[in-house]
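Written below as structure tokens is the structure these notes are about.
The values are calculated or read from the model by the stated rules, or taken from the named source; none is laboratory data. Values in this document were obtained by computation on a predicted structure and should not be read as measured data. Cβ coordinates were reconstructed from backbone atoms using ideal geometry, including for glycine residues, and neighbour counts include every protein chain displayed. These area figures cover heavy atoms from the full protein model, side chains too; ligands, DNA and RNA do not enter into them. Shrake-Rupley method; radii C 1.70, N 1.55, O 1.52, S 1.80 Å.
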Amino acid sequence: MESLKNIDILIKGGKVITMNKDRALIENGAVAISGDKLAAVLPEDELPAGIEAKTVIQAEGKVVMPGLINAHSHLAMTLFRGLVEDLDLIPWLEKVWKYELTVLDADSVRAGTKLAFAEMLRGGVTCAHDMYWYYQEVSQLAEEVGFRLIGGPPITGIGGIDFDLMISQAHDELKRLKDFEYVFPIVQAHSTYTTTPEMMHAVREFKQEYKVPFTTHASENSSEIKQVTEQYGKTPIELLAGYDLLDERTVLAHCVKMRDDEIAMLKDTGTHVVHCPESNLKLGSGVARIADMIAAGVNVCLGTDGTASNNDLNLFGEMRTAALLQKGVNEDPKVVSTLEALEMVTINGARAYGLDDLIGSLEVGKKADVILLDFQKLHLTPCHDIYANIVYSLGCEDIDTVIIDGKIHLDQGELVTIEEEALIAEVREIGARFE
């Protein structure tokens, strides 16, 4: 095995969940990392004799799997955690926007985003979407930390930004992001109710010119649909279809209130959906028809949304909530299996943003984004079903190791790329401004 001569990290002895096309599970596996790539994913007894690595991680009693993908979030909303509570979506947004437009600046967004990176690393997340202000600074921070980010310029009418300036800046940013190592560029619009047709036509042009995915909020609750229908005579889904924005490079967040024909429209166009169950519950938006979407063939992934409406960035919690909700509202324990839930935070999220050739599964040649879960815990004992333990029993405190691009960010539960205490102190000082 020529490719196994220069190994930087060798993980051996654990159970390996690959999430490859066969969804292979290797009982006693080994994962070899060379540089930023996976060089081998195989049973440990198939490793060549005498193999050497700069770092060897003994994974007995642990589970090795792809890093999680948070497919929809507003990361610097960590600054608003617990600030805006017990409101419906529209009044909740209006209060949040007031704080965003009067208190936030580049430094505070950078600190709030760094806090989100640290929280997600502790939760096994190696890649996250972000839709927020000061996106240039956030992209730069992702490069500095080495955190994989899906982000780019937002197109929105919020804040009264000059249209020509917004479009010019978006062009500049999409060109700039081409050279970034950790940032996957996208174009995004807040929603159909905070944009104009002119803005959405610009979005379509960005998609075509830069060959990037597009994401937006859509059909999050009944009041949104009523507002859009009264203004345009169409639902958000119908309006997006009219803008020619439903296709395999579009990712819609929420999709809580959906008709049968709209679900069919998403399937027929290849449009992806990000389910954010806990945010939808907390804002009283309802429960998305995820089981129906999966049955129809729509690619569904998971996101946390922002911490102002969640109030955390815990994707393991989202998996559990998503699976339990669908079983309950459908009165059918067979819908959304544990494997399907795990797919939503790994390979499905990668597929939604066109990244499944790089991340989302452990396969030779893909990026080395790997996490280790410590199964030597009371609440994970015994392990009759590894997927059930992950979805229904495991918590963020059980994340042992996190590797992004072949670099260790969390080592046996300790953050190594972010100085935690100093960051907490900084964000607490910023948080005092919101009192």
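If I filter the stretch 390-401 for residues that are of a type in the set (Asp, Glu), touching a strand residue (DSSP E or B) at 6+ places or on another chain (Cβ under 7 Å) and either surrounded by 18 or more Cβ atoms within 10 Å (Cβ to Cβ) or under 24 Å from THR338 (Cβ atoms) (or both), do I get at least one hit? Taking every residue of the stretch 390-401 in turn, at least one turns out to be of a type in the set (Asp, Glu), touching a strand residue (DSSP E or B) at 6+ places or on another chain (Cβ under 7 Å) and either surrounded by 18 or more Cβ atoms within 10 Å (Cβ to Cβ) or under 24 Å from THR338 (Cβ atoms) (or both). Scanning the stretch 313-334 for residues that are open to solvent by less than 50 Å² (accessible area, probe 1.4 Å) and in a loop (DSSP other than H, G, I, E, B) returns LEU313, ASN314, ASP332.
Residues are listed down the side, and each one gets a yes or a no for (1) open to solvent by 10 Å² or more (accessible area, probe 1.4 Å); (2) farther than 27 Å from ILE404 by Cα; (3) within 18 Å of the chain's Cα centre (by Cα); (4) among the small types (Gly, Ala, Ser):
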| site | (1), (2), (3), (4) |
| --- | --- |
| LEU174 | no, no, no, no |
| HIS190 | yes, yes, yes, no |
| THR196 | yes, yes, no, no |
| GLU209 | yes, yes, no, no |
| VAL228 | no, yes, no, no |
| ALA264 | yes, yes, no, yes |
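Beta carbons closer than 6 Å, at least 6 apart along the sequence or on distinct chains, pair a first residue in the stretch 222-243 that is among the aliphatic types (A, V, I, L, M) with a second that is open to solvent by 10 Å² or more (accessible area, probe 1.4 Å) and in a helix (DSSP H, G or I) for LEU239/TYR232.
One line per residue, one yes/no per condition, for (1) in a helix (DSSP H, G or I); (2) in contact with an Asp or Glu (Cβ under 7 Å, 6 or more places away or on another chain); (3) of a type in the set (S, T, N, Q); (4) open to solvent by less than 50 Å² (accessible area, probe 1.4 Å):
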{"residue": "VAL336", "(1), (2), (3), (4)": "no, no, no, yes"}
{"residue": "ALA341", "(1), (2), (3), (4)": "yes, no, no, yes"}
{"residue": "LEU355", "(1), (2), (3), (4)": "no, no, no, yes"}
{"residue": "ILE359", "(1), (2), (3), (4)": "no, yes, no, yes"}
{"residue": "LEU362", "(1), (2), (3), (4)": "no, no, no, yes"}
{"residue": "GLN376", "(1), (2), (3), (4)": "no, no, yes, no"}
{"residue": "HIS379", "(1), (2), (3), (4)": "yes, no, no, no"}
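Restricting attention to the stretch 182-217, the residues that are hydroxyl-bearing (Ser, Thr, Tyr) and over 21 Å from ARG351 (Cβ atoms) total 6.
For the stretch 4-27, filtering for residues that are touching a Gly at 6+ places or on another chain (Cβ under 7 Å) and either within 21 Å of LEU373 (Cβ to Cβ) or surrounded by 22 or more Cβ atoms within 10 Å (Cβ to Cβ) (or both) leaves 5. Among the residues of the stretch 118-142, those identified as touching a helix residue (DSSP H, G or I) at 6+ places or on another chain (Cβ under 8 Å) and either open to solvent by 30 Å² or more (accessible area, probe 1.4 Å) or at pLDDT below 95 (or both) are GLU119, ARG122, TYR132, TRP133, TYR134, TYR135, GLN136, GLU137. If you go through the stretch 343-353 and keep only what is assigned to a helix (DSSP H, G or I) and touching a Pro at 6+ places or on another chain (Cβ under 9 Å), you end up with ILE347, ALA350, ALA352.
Taken over the stretch 286-298, residues that are crowded, with 23+ Cβ neighbours inside 10 Å and in a loop (DSSP other than H, G, I, E, B) amount to 3. Pairs meeting the criteria (first residue in the stretch 287-316 and at positive phi, second residue acidic (Asp, Glu) and at pLDDT 95 or above, beta carbons under 8 Å, at least 6 apart or on different chains) are ASP305/GLU278. Of the residues screened, VAL145 is not one that is touching a residue at least 12 places away in the same chain (Cβ under 8 Å), surrounded by 15 or more Cβ atoms within 10 Å (Cβ to Cβ), of a type outside the set (D, E, K, R) and within 19 Å of GLY349 (Cβ to Cβ).
The strands (runs of 3 or more DSSP E) falling completely within the stretch 148-266 that include 1 or more residues that are of a type in the set (Lys, Arg), closer than 30 Å to LYS114 by Cβ and modelled with pLDDT of 95 or more map to 148-151. Scanning for something crowded, with 23+ Cβ neighbours inside 10 Å, touching a residue at least 12 places away in the same chain (Cβ under 8 Å) and either among the polar types (S, T, N, Q) or touching a strand residue (DSSP E or B) at 6+ places or on another chain (Cβ under 6 Å) (or both), does the stretch 77-89 turn up at least one residue? Yes, some residue in the stretch 77-89 is crowded, with 23+ Cβ neighbours inside 10 Å, touching a residue at least 12 places away in the same chain (Cβ under 8 Å) and either among the polar types (S, T, N, Q) or touching a strand residue (DSSP E or B) at 6+ places or on another chain (Cβ under 6 Å) (or both).
Here VAL416 meets the list (1) without any contact (Cβ under 8 Å) to a residue 24 or more places away in the chain; (2) more than 19 Å from ILE11 (Cα to Cα) almost entirely, failing just condition (2).
Can you confirm whether SER279 is open to solvent by less than 10 Å² (accessible area, probe 1.4 Å), hydroxyl-bearing (Ser, Thr, Tyr) and modelled with pLDDT of 95 or more? Judged against the criteria, SER279 is a match. Residues in the stretch 409-431 that are surrounded by 18 or more Cβ atoms within 10 Å (Cβ to Cβ), among the hydrophobic types (A, V, I, L, M, F, W, C) and under 17 Å from LEU373 (Cα atoms): 1 in all. In the set (1) open to solvent by 20 Å² or more (accessible area, probe 1.4 Å); (2) modelled with pLDDT of 95 or more; (3) more than 30 Å from PHE375 (Cα to Cα), LEU115 fails one condition alone, (3).
Quick one: is ILE57 under 23 Å from the mean Cα position of the chain (by Cα) and open to solvent by less than 30 Å² (accessible area, probe 1.4 Å)? So ILE57 fails the test.
Listed by first and then second residue, the pairs with beta-carbon distance under 8 Å, at least 6 apart or on different chains, first residue in the stretch 328-356 and at pLDDT 95 or above, second open to solvent by less than 10 Å² (accessible area, probe 1.4 Å) and among the hydroxyl-bearing types (Ser, Thr, Tyr), are THR346/SER361; ILE347/SER361; ALA350/SER361.
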